[in-house]
Every structure is written in C-alpha cells, then in structure tokens.
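Everything below concerns the one structure shown next.
Nothing in this text is a laboratory measurement; each read-out follows from the coordinates by a stated rule. What you are looking at is a predicted structure, and each value in this text was computed from that prediction instead of being measured. Here the Cβ positions follow ideal geometry from the backbone for every residue, glycine too, while neighbour counts run over all protein chains shown.
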Amino acid sequence: MVIKEQKQKIREEMRRLRHSFGQNFREDASRRVTTRVLSLPEVQSARTFFVYVSMADEVSTHALIRTLLAQRKVVAIPFVADDGRMIQRHLTHWAQLTKDRRGFLTVPYGDVLHESPEICITPGLAFCPNGTRLGSGGGHFDRYFQRHRSAWRIALAHEAQLVPVLPVEAHDRKIHVIVTEQRIRVCAARA
C-alpha cells in the first residue's frame with residue numbers, strides 16, 4: 001500500500017474514532033487540554049498565537065481562544081485563500097467569526113498578521129510520540145509550518161489519537177508538543 005493510501009486509511013479510522021466520543025467526554029477532555037495548554041510556561045510568556053478554530057469532534061479551542069483574547073494576547077486564526085494558501089487573520093473578538101464556504105469558523109475579512117507567531121495551536125487526526133502529525137490531507141498546516149519555522153507547534157488531541165507510527169512524506173512537518181486530556185508530551189525542542 002502506498003503512503004497516500006495508508007494515510008487515507010488512518011484518517012478514516014481516526015475520524016470514526018473521534019466521532020464515537022460522546023459529547024460529555026469531548027467537553028471534559030477539551031477543558032483538561034485547555035488547562036494543560038494554558039499551564040505551559042511558553043504559552044504564558046508568549047504574546048502572539050496562531051490558533052485553529054475547532055469544529056465538531058475536534059478538541060475544542062473555543063475556551064482557549066477566549067482566554068487568550070481576555071489576556072490581551074495577539075490571536076490569529078486560519079483563513080484559506082482561494083489559491084489554497086492558509087493565512088493568519090487577526091482576531092480581536094469572538095463576534096468576528098463567521099462560517100466560510102466549507103463551514104469553518106474564520107475571519108473572512110480584516111487584518112492579516114504577517115509576523116510569525118510564537119505559538120501555533122494545530123489540529124490533526126493522529127500523532128506519534130516523535131511529533132509526526134497526520135492532518136486532514138489538504139497540506140495547509142504543513143505549508144504554513146514551512147513558512148513559519150520559528151513558531152512553537154502545539155498539537156491538541158485526544159489521548160486515543162496517539163499512535164506508535166505514522167507514514168511520512170517529505171513535505172510533512174513535525175510538531176513540538178502534543179497536549180491531550182491525560183498529559184503533555186514534548187516531542188522536539190523548539191527551533
């Protein structure tokens with residue numbers, strides 16, 4: 001089986017797994033993950049953040065984003081342009097968010113943050129202890145990581161999304177830390 005087929009099979013399995021979690025479990029797990037992320041000294045001292053806005057069965061980032069905004073941090077969220085590039089749209093208050101054509105909450109218009117953030121909060125479907133990440137398959141975050149190499153990449157996941165090994169391609173970029181409802185796992189030193 002070629003790598004792309006292996007990845008697709010794992011994506012399907014992980015989507016089924018995440019979908020199987022009950023609402024109470026997801027809410028409790030998301031609260032625990034948020035508490036752990038906010039406890040990290042690097043997060044406490046950082047000024048600029050790039051944070052995905054969670055959907056459906058992903059670990060929720062809504063409370064995390066609201067907390068960072070309340071702390072007067074600079075928060076940017078993903079916006080995928082028509083050419084497929086993921087850019088950083090500055091978020092100053094929750095009410096700015098609207099659904100795009102794919103159903104993702106984003107800021108469709110407004111200021112673009114050009115500087116690299118100190119912290120990038122990233123989603124994914126599966127993760128390895130060494131920092132390998134399997135995303136949804138669009139490559140948006142891997143390309144973003146390539147452009148913003150200095151950002152400390154923190155993945156949010158349910159413990160069940162951690163796997164021993166994942167197929168890897170040359171364009172795949174690793175994350176530095178995985179935060180789950182059970183632990184914080186440092187995978188790689190900050191560049």
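Using 0.36 nm per residue, how much length does the chain from D111 to N24 gain when fully extended, once their Cα-Cα distance is taken away?
27.7 nm
Find the centroid of the Cα atoms in region 1-34 and in region 35-84, then give the distance between the two in whole Å.
Distance between centres, Cα-based: 20 Å.
Under 21 Å between alpha carbons, and skipping anything fewer than 8 positions from K4 in its own chain: which lysines qualify?
Within the straight-line limit of under 21 Å, K4 reaches these lysines: K174.
How large is the dipole of region 3-186 about the Cα centre if only Lys and Arg carry +1 and Asp and Glu carry -1, each at its Cβ, rounded to the nearest 20 debye?
Working: 29 positive and 19 negative charges, 20 e Å.
With only Lys, Arg, Asp and Glu charged at Cβ, the dipole is about 100 debye.
Out of the DSSP beta bridges found with both residues in region 79-177, what percent are antiparallel (nearest 5)? Could the numbers behind the result be given before it?
On the way: 7 of 13 bridges.
Counting DSSP beta bridges with both partners in region 79-177, the antiparallel share is about 55 percent.
From the helices alone, meaning DSSP H stretches of at least four residues, give me the mean residue ellipticity at 222 nm for the chain, per-run term -39500 (n - 2.57), in deg cm²/dmol to the nearest 500. Could you put the intermediate results ahead of the total?
Numbers: 5 runs with 57 residues, N = 191.
Roughly -9000 deg cm²/dmol at 222 nm, from the helical runs in the chain.
How big is the antiparallel share of DSSP beta bridges in region 3-186, given as a percent to the nearest 5?
Percentage antiparallel, nearest 5: 50.
Run the simple label-point estimate for W94 and R47 please: 7 Å along Cα→C-beta, distance reported in nm.
Each label point lies 7 Å from its Cα, and together they span 2.7 nm.
Along the principal axes of its C-alpha atoms, what lengths does region 3-186 span, in descending order and rounded to whole Å?
39, 36, 30
To the nearest 20 debye, what is the magnitude of the charge dipole of region 1-84 about its Cα centre, counting +1 on the Cβ of each Lys and Arg and -1 on the Cβ of each Asp and Glu?
That gives a dipole near 260 debye.
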